[in-house]
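The values are calculated or read from the model by the stated rules, or taken from the named source; none is laboratory data. The structure presented is a predicted model; accordingly, all values stated were derived computationally and were not measured. Heads up, the Cβs are rebuilt from the backbone with ideal geometry, glycines too, and the neighbour counts pull from every protein chain shown. Ligands, DNA and RNA are stripped out before the accessible areas are found, and what is left, the full protein with its side chains, is counted by its heavy atoms. Shrake-Rupley method; radii C 1.70, N 1.55, O 1.52, S 1.80 Å.
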Amino acid sequence: DVKVTQSSRYLVKRTGEKVFLECVQDMDHENMFWYRQDPGLGLRLIYFSYDVKMKEKGDIPEGYSVSREKKERFSLILESASTNQTSMYLCASSRMSLAGKNYEQYFGPGTRLTVT
Amino acid sequence: DQQVKQNSPSLSVQEGRISILNCDYTNSMFDYFLWYKKYPAEGPTFLISISSIKDKNEDGRFTVFLNKSAKHLSLHIVPSQPGDSAVYFCAASADTGGFKTIFGAGTRLFVKA
């Protein structure tokens, strides 16, 4: 059974703290993604990675960074947490896309981050 | 600017009836479309997809229809069951060699027993 796990389900941090969100997948997928989900806005892509040590900015990368040192692990870092980063964070992975087909993404359960 | 729009935030349907969830997109380069389902406290799970070379794809109770000229797709669930109550996300991507998928805001479906 395929699996994407996230290090925490709930997290409460203070403004200005550095926050690490970890994601691990066991499907040997090349692609990994970080999204945030906010009411009325759906899922918005923060960063993605298509290979180890490779990263690409998504639609809302400001205030975030990522790290992919191993194929199975993709970390999201909030350098200095702010209250507007309070959100649900979702990690996903997928196989490498081929011409004409974009493989579905497998999501973790999410991390509900509250920044006070 | 939302490239993928789900204009109905919620939909309520009686058990056994058809549920129709709608999605509109603006980018004519999108050529692959997916629907995901999300239960509370869980991540989204893939439901069904369709390539732009087709206008219909069916998987059991779920059928996705694509109207490229109208830039519109819909998900039909027949018959609807209480376990289908969830948030449904429409998603679209373009075969540009990249991996970016754009998601809609989601529609919450309530299936009443």
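Out of B:49, B:39, B:82, whose Cα points farthest toward the positive end of the dipole of chain B (charges: +1 Lys, Arg; -1 Asp, Glu; placed on Cβ)? Working it through, the farthest residue towards the positive pole turns out to be B:82.
For the pair residue A:41 and residue A:79, label points projected 7 Å from Cα toward Cβ lie 1.9 nm apart. For the protein assembly as shown, the dipole from Cβ point charges (+1 on Lys and Arg, -1 on Asp and Glu) about the Cα centre works out to 320 debye, to the nearest 20. Take each residue in A:32-41, count the other chain C-beta atoms within 10 Å of its C-beta, and the mean is 3. Among B:76, A:29, the order of accessible area from largest down is B:76, A:29, computed with a 1.4 Å probe on protein heavy atoms.
Charge dipole (Cα centre; +1 on Lys/Arg Cβ, -1 on Asp/Glu Cβ; no other charges) of chain B amounts to roughly 180 debye. Counting only protein chain heavy atoms and rolling a 1.4 Å probe, the accessible areas of B:38, A:18 rank, largest first, as A:18, B:38. Here the gap between residue A:62 and residue A:10, fully extended at 0.36 nm per residue and compared with their Cα-Cα distance, gives a gain of 16.5 nm.
Projecting the Cα atoms of B:21, A:27, A:11 onto the charge dipole of the protein assembly as shown, computed from C-beta unit charges around the Cα centre, puts A:11 farthest toward the positive end.
Calculated on the alpha-carbon coordinates, the convex hull of the protein assembly as shown measures out at 122 cubic angstrom per residue. Normalising the average separation of contacting C-alpha pairs (under 8 angstrom, six or more residues apart) by the number of residues puts the relative contact order of the range A:1-82 at 33 percent. Once the Cβ-Cβ distance of residue A:98 and residue B:74 is raised to the sixth power relative to R0 = 41 Å, the FRET efficiency obtained is 0.95.
What FRET efficiency do you get for residue B:53 and residue A:86 if R0 is 45 Å and r is their Cβ-Cβ distance, rounded to the nearest 0.05? FRET efficiency, residue B:53 to residue A:86: 0.60.
Counts of other chain beta carbons within 10 angstrom of each beta carbon in peptide A:44-51 average 2. Residue by residue along B:38-50, Cβ atoms of other protein chains within 10 Å of the local Cβ number 4 on average.
Based on the reciprocal of the average 1/r between different C-alpha atoms, the Kirkwood radius for chain B equals 14.1 Å. In the distance distribution for the range A:10-84, Cα-Cα pairs more than 21 Å apart total 27 percent. Charged side chains reduced to their Cβ positions (Lys and Arg at +1, Asp and Glu at -1) give chain A a dipole of some 200 debye around its Cα centre. Annotation: residue A:5 carries an accessible surface of approximately 60 Å², with a 1.4 Å probe and no ligand, DNA or RNA atoms counted. Applying 1/(1 + (r/R0)^6) with r as the Cβ-Cβ distance of residue B:42 and residue B:11 and R0 = 30 angstrom yields a FRET efficiency of 0.90.
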